[in-house]
Amino acid sequence: MRKDNTNILKRIVSLALKEDLGKGDVTSNLIISKEQKGEGVIISKEKGVIAGLELAKIVFKQVDPELAFKSYVKDGTEVKLNQQLCSVKGRVKSILSAERTALNFLQRLSGITTLTREYMKKIKGTKVKILDTRKTTPALRTLEKYAVRAGGGENHRHGLYDMILIKDNHIKSAGSISSAIELALKGKKRFKIEIETKNLNEVREVLNYRINRIMLDNFNLKDLKKAVRLIRSKDKKVEIEASGQVNLKNVKDFALCGMDFISIGALTHSAKAIDISLILK
């Protein structure tokens, strides 16, 4: 993860620990002596691609700065069943108090990274880039978009503030595609402009303007190919993005239609968490 995100990560971890620990780990406080030392090893209980190790380290260090954390793999590594990912040494009570929060982050982010890597393998040999969306867990977008990158994907806009994306409700509010585009073009020039289209007629209307990217939303493969040919015949520089109805079975078919990007909300909203456990030695 980028160093400039460290403060954000620490705040997220603080909230997560407060949620889990509250006023303290009552079970460990009763059963484990304060100074009992030990080592916990975190292992993968299934195959997958790992992400979130730095975050796990932050969790353990916030609970107890004296804990010693060591990673055996890097984020983005494909791991096997029962492979050791990292270890943590120090007070057993501290290790167990941090355990669930650290594992929750690791499991969630590794699930996103694993799913992203599966999509990347499916489109291998094409020039298409896989993008995420804003369909993320509230307050965890920075983490989940990082996990997409760790899996080989790329990030679409991070929020509403860094790109102009004209969608169907904007078009309805403006009255037409043309009106929406013209209003956007009068605005701040430093933002890229993308517009969502639902059919070939809308694509034709968009091509009357110079914008950065056209999204082909929920097009079937037949119409997708037609739309790409139409766009390229009019403008060879505009970026083309496909979105909607994409899954692991058909993503290669989409990629072969000739667009530049495929955005997939499922990367973050439907990824299955990877099974990861901590075992005391």
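Exactly one of these conditions fails for Ile58: (1) touching a residue at least 60 places away in the same chain (Cβ under 8 Å); (2) surrounded by 20 or more Cβ atoms within 10 Å (Cβ to Cβ). Give me its number. So Ile58 meets the others, but not (1).
Across region 83-115, what is the total count of residues that are in a helix (DSSP H, G or I), touching a strand residue (DSSP E or B) at 6+ places or on another chain (Cβ under 7 Å) and either over 13 Å from Ile43 (Cα atoms) or not assigned by TED's automatic domain parsing to the domain that holds Ile12 (or both)? Spell out how you get there, then give the answer.
Residues of region 83-115 that are in a helix (DSSP H, G or I), as a first pass: 92-115.
Those still in the list that are touching a strand residue (DSSP E or B) at 6+ places or on another chain (Cβ under 7 Å) too: 92, 95, 99, 103, 106-107, 110, 113-114.
Checking which are either over 13 Å from Ile43 (Cα atoms) or not assigned by TED's automatic domain parsing to the domain that holds Ile12 (or both) leaves us with 92, 95, 113-114.
So the answer is 4.
Contact map, region 152-168: residues that are farther than 29 Å from Val49 by Cα paired with residues that are of a type in the set (Val, Ile, Thr), Cβ distance under 6 Å, separation 6+ or inter-chain. Pairs shown: Ile164/Ile193; Ile166/Ile195.
Does Glu39 fit the bill of being among the acidic types (Asp, Glu), under 22 Å from Lys18 (Cα atoms), at pLDDT 95 or above and assigned by TED's automatic domain parsing to the domain that holds Ile276?
Details: among the acidic types (Asp, Glu): yes; under 22 Å from Lys18 (Cα atoms): no; at pLDDT 95 or above: yes; assigned by TED's automatic domain parsing to the domain that holds Ile276: yes.
Answer is no for this residue.
Being among the hydroxyl-bearing types (Ser, Thr, Tyr), surrounded by fewer than 12 Cβ atoms within 10 Å (Cβ to Cβ) and not in a strand (DSSP E or B), is that true of even one residue in region 12-20? No, region 12-20 contains no residue that is among the hydroxyl-bearing types (Ser, Thr, Tyr), surrounded by fewer than 12 Cβ atoms within 10 Å (Cβ to Cβ) and not in a strand (DSSP E or B).
Lys70 - would you say it is in a strand (DSSP E or B), surrounded by fewer than 21 Cβ atoms within 10 Å (Cβ to Cβ) and either under 21 Å from the mean Cα position of the chain (by Cα) or modelled with pLDDT of 95 or more (or both)? Can you show your working first?
On the way: in a strand (DSSP E or B): yes; surrounded by fewer than 21 Cβ atoms within 10 Å (Cβ to Cβ): yes; either under 21 Å from the mean Cα position of the chain (by Cα) or modelled with pLDDT of 95 or more (or both): yes.
Taking the combined requirement at face value, the residue satisfies it.
Restricting attention to region 154-189, which residues are in a loop (DSSP other than H, G, I, E, B), in contact with a Leu (Cβ under 8 Å, 6 or more places away or on another chain) and not basic (Lys, Arg)? The answer is Asn155, His156.
Here are Asp253, Asp260: which of them is surrounded by fewer than 18 Cβ atoms within 10 Å (Cβ to Cβ), outside the structural domain of Gln107 (by TED's automatic domain parsing), under 20 Å from the mean Cα position of the chain (by Cα) and closer than 20 Å to Gly125 by Cβ? I'd like the intermediate steps shown before the answer.
Working: Asp253 fails: under 20 Å from the mean Cα position of the chain (by Cα).
Just a single option satisfies the conditions, and that option is Asp260.
When region 190-204 is filtered for residues that are assigned to a loop (DSSP other than H, G, I, E, B) and under 22 Å from Gly159 (Cα atoms), the ones remaining, listed by number, are Arg190, Phe191, Lys192. With respect to Lys189, determine if the residue is surrounded by fewer than 16 Cβ atoms within 10 Å (Cβ to Cβ), at pLDDT below 95 and touching an Asp or Glu at 6+ places or on another chain (Cβ under 7 Å). No: the conditions fail for Lys189.
Yes or no, residue by residue, for (1) in contact with a helix residue (DSSP H, G or I) (Cβ under 8 Å, 6 or more places away or on another chain); (2) in a loop (DSSP other than H, G, I, E, B):
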position	(1), (2)
Asn208	yes, yes
Ile214	yes, no
Phe219	yes, yes
Lys222	no, no
Lys225	no, no
Arg229	no, no
Ser233	no, no
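Only a single criterion out of (1) within 19 Å of Ile276 (Cβ to Cβ); (2) exposed (fewer than 15 other Cβ atoms within 10 Å of the Cβ); (3) among the polar types (S, T, N, Q) is not satisfied by Thr27, namely (1).
Out of all the residues in region 224-247, is one or more surrounded by 17 or more Cβ atoms within 10 Å (Cβ to Cβ), of a type in the set (A, V, I, L, M, F, W, C) and touching a residue at least 60 places away in the same chain (Cβ under 8 Å)? No: zero hits.
Going through region 37-55 one residue at a time, which ones are small (Gly, Ala, Ser) and either surrounded by fewer than 18 Cβ atoms within 10 Å (Cβ to Cβ) or assigned to a loop (DSSP other than H, G, I, E, B) (or both)?
Of the residues in region 37-55, the ones small (Gly, Ala, Ser) are 38, 40, 44, 48, 51-52.
Those that are small (Gly, Ala, Ser) and either surrounded by fewer than 18 Cβ atoms within 10 Å (Cβ to Cβ) or assigned to a loop (DSSP other than H, G, I, E, B) (or both): Gly38, Ala51, Gly52.
The values are calculated or read from the model by the stated rules, or taken from the named source; none is laboratory data. Everything numeric in this text was worked out from a predicted model, so none of it was measured. Cβ atoms come from the backbone with ideal geometry, glycine included; neighbour counts cover every protein chain shown.
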